[in-house]
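K.L.:
Take this structure first; my questions come after.
The values are calculated or read from the model by the stated rules, or taken from the named source; none is laboratory data. As the structure is a prediction and not an experimental result, all values here were calculated from the model. Here Cβ is always computed from backbone atoms with ideal geometry, including for glycine, and neighbour counts include all displayed protein chains.
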Amino acid sequence: MAYSEKVIDHYQNPKNVGTLDKSKNNVGTGLVGAPECGDVMRLQIEVDEATGIIRDAKFKTFGCGSAIASSSLATEWLKGKSVDEAVKIDNMTIVEELNLPPVKIHCSVLAEDAIKAAINDYRKKNGLEELQFEESPVH
Amino acid sequence: MLKLPIYLDHNATTPCDPRVVEAMVPYFTNAFGNAASRNHPFGWQAEEAVDYAREQVAKLIGADPKEIIFTSGATEGDNLAIKGVYEMYASKGNHIITCNIEHKAVLDTCRHLEKEGAEVTYLDVKPNGLIDLAELEAAIKPTTILIAIMYANNEIGTVMPMREISAIARKHGVLVFTDGVQAVGKIPVDVNKDGIDLMAFTAHKMYGPKGVGALYVRRKNPRVKVTAQIDGGGHERGMRSGTLNVPGIVGFGKACEICLQEMESDAKRISQLRDKLENALLKVEESYLNGDKESRLPHVTNISFKYVEGEGLMMGFNKNIALSSGSACTSASLEPSYVLKALGLGDDLAHSSLRFGLGRFTTEEQIDYTIEHVTNTVNKLREMSPLWEMFKDGIDLNTIEWAHH
């Protein structure tokens, strides 16, 4: 399968690989996927408590090139967004941006799930109610 | 100067040896006759070429030329052997024994026959990829007509104990079919010494052309017959109709001749390179060899690199190094390799596997390049892997509740 230029670029030069201190109250961590399925994504956000803006985002991903690219792109998009805006990131925009073929759509779904999981982790730590999301149809 | 990309996927297919191509060329143009045209020189010339190739092919496996049925390849040979025996020996029984790491051409043929009333036993393999002979013998019943066990596995390269298998089969009067695709031309295969009654193999895995193969069908002790699966002009002793692929068959014959002459020296050289590659890659932390280390083909190694995913791994070098992965992502089904899973590997290790298949034209320079680039990519991806980080932090991944999707 041939990868799109953008997937290759994110794979070769992934943005924001790393780890944030998850013991901090303003850091939210989402860990989604499973080793048996061949994809695990960990996505973290660090929120500026004064403004509610995500000032840093990091990821680590076990998976194929499309999974790595989806999470790398997600961290790029998260930075500078408010938490409320970040919730709205839709997997299909990731699919479009990276030109993912149908067999790789699940990688974008995983990235969306990771964002939501990170946000809920942040909300929970800060005494906010966890958001309820509809089950993704692709799973 | 190292030429890229490097081809290390010789279990998928091999390049044609230039000597094979040279032998084939005249049979496309001047000597284009139909081998079944008995009444003119064009036909005679083609028939003579086919007869000669049949001898070359038979000689490689210690068979009589009359026992060689030319086919379009091993998938056809697998189908013809299993379905052909099932139909021919229907009055004797309907039970077939095979194993769960066979090629799909064998497994799916068996599944097809199950729908038509066959009873099939799929033996499990041991963690080293070999079948348990006691289990095989215990599986035989009065209705058993065929044991279908591959000579060597395509993903891990393990070589099955054919002589022990056929000895058990003989004792119970059961026929032995083997898918010899990966073994013939790579290691010595002798249908008489190995006690094989039927064997499918193909030219393109041994430096011959694609689209041509053979089914060996024993003629004596016992005389074996298969019901034709393709009806028509009654070619190949009535077992496989269809105009013979003369240039392909000529190339196949030449490929067999070269293998017979060079197998020993090739195997020695290639296995040294394979060992160099394997030893270097097994020095990478948390890497594991899949399949038996002793009973296996000289040119294959299959290694899992824990905590990185196979397809992601290949993406790091697949512009320059061609090989295969047992990862789900390389298949349409999103399921990891059923062969690796049959060895008892967890899905995580199956997803993390790479198969390196060396060949006649592989050089040491190519192996050095591969060692360097695969190692670097594994290290790079581990820096990006949350699983590697957890492993390094001493977290047991089995204690985590994963969100299965």
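K.L.:
Those residues that are within 11 Å of chain B (Cβ to nearest Cβ), in a helix (DSSP H, G or I) and without any contact (Cβ under 8 Å) to a residue 40 or more places away in the chain, I need them from the range A:61-115; list them, please.
P.N.:
Across the range A:61-115, the qualifying residues are A:Pro102, A:Val109.
K.L.:
Also, quick follow-up: For the range B:288-324, name all the residues that are part of a strand (DSSP E or B) and surrounded by fewer than 19 Cβ atoms within 10 Å (Cβ to Cβ).
P.N.:
B:Tyr288, B:Leu289, B:Ala322
K.L.:
What about A:Val7, is it farther than 23 Å from B:Ala403 by Cβ, within 17 Å of the chain's Cα centre (by Cα) and of a type in the set (Val, Ile, Thr)?
P.N.:
Answer is yes for this residue.
K.L.:
For the range B:4-24, indicate whether the set of residues that are of a type in the set (Ser, Thr, Tyr) and in a helix (DSSP H, G or I) is non-empty.
P.N.:
No, there is no match, as no residue in the range B:4-24 is of a type in the set (Ser, Thr, Tyr) and in a helix (DSSP H, G or I).
K.L.:
Between a residue in the range A:31-45 that is more than 7 Å from every other protein chain (Cβ to nearest Cβ) and within 14 Å of A:Lys58 (Cα to Cα) and any residue that is aromatic (Phe, Trp, Tyr) and assigned to a strand (DSSP E or B), which pairs come within a Cβ distance under 9 Å, given they are 6 or more apart or on different chains?
P.N.:
As it stands, the answer is A:Met41/A:Phe59; A:Met41/A:Phe62; A:Leu43/A:Phe59; A:Gln44/A:Phe59, since those pairs meet every condition given.
K.L.:
Based on this model, can you work out whether B:Val212 counts as β-branched (Val, Ile, Thr) and out of contact with any helix residue (DSSP H, G or I) (no Cβ under 7 Å at 6 or more places or on another chain)?
P.N.:
no
K.L.:
Which condition number in (1) in contact with a Ser or Thr (Cβ under 6 Å, 6 or more places away or on another chain); (2) free of Cβ contacts under 8 Å to residues at least 60 places away in the same chain is the one that B:Pro41 fails?
P.N.:
The single condition B:Pro41 does not satisfy is (1).
K.L.:
Would you check if B:Leu146 is in a strand (DSSP E or B), at pLDDT 95 or above and farther than 30 Å from B:Arg355 by Cα?
P.N.:
Here the answer is yes, as B:Leu146 does meet what is asked.
K.L.:
If I filter the range B:326-340 down to residues being facing another protein chain (nearest Cβ under 10 Å) and touching a helix residue (DSSP H, G or I) at 6+ places or on another chain (Cβ under 9 Å), which single residue comes out as modelled with the lowest pLDDT?
P.N.:
B:Thr330
K.L.:
Follow-up. Suppose we filter the range B:106-151 for residues that are buried (at least 19 other Cβ atoms within 10 Å of the Cβ) and in contact (Cβ under 8 Å) with a residue 60 or more places away in the chain; how many remain?
P.N.:
So the answer is 7.
K.L.:
Being away from every other protein chain (no Cβ under 14 Å) and at pLDDT below 95 is true for just one of B:Leu297, B:Leu323, B:Leu281, B:Leu345. Which residue is that?
P.N.:
Of the residues listed, the single one that is away from every other protein chain (no Cβ under 14 Å) and at pLDDT below 95 is B:Leu323.
K.L.:
Among the residues of the range B:367-396, which ones are in a loop (DSSP other than H, G, I, E, B) and either in contact (Cβ under 8 Å) with a residue 12 or more places away in the chain or touching a His at 6+ places or on another chain (Cβ under 8 Å) (or both)?
P.N.:
Hit for the range B:367-396 is B:Ser385, nothing else.
K.L.:
B:Gly33 versus (1) in the same structural domain as B:Ile187 (by TED's automatic domain parsing); (2) in a loop (DSSP other than H, G, I, E, B); (3) free of Cβ contacts under 8 Å to residues at least 24 places away in the same chain; (4) not hydroxyl-bearing (Ser, Thr, Tyr): which is the lone unmet condition?
P.N.:
(3)
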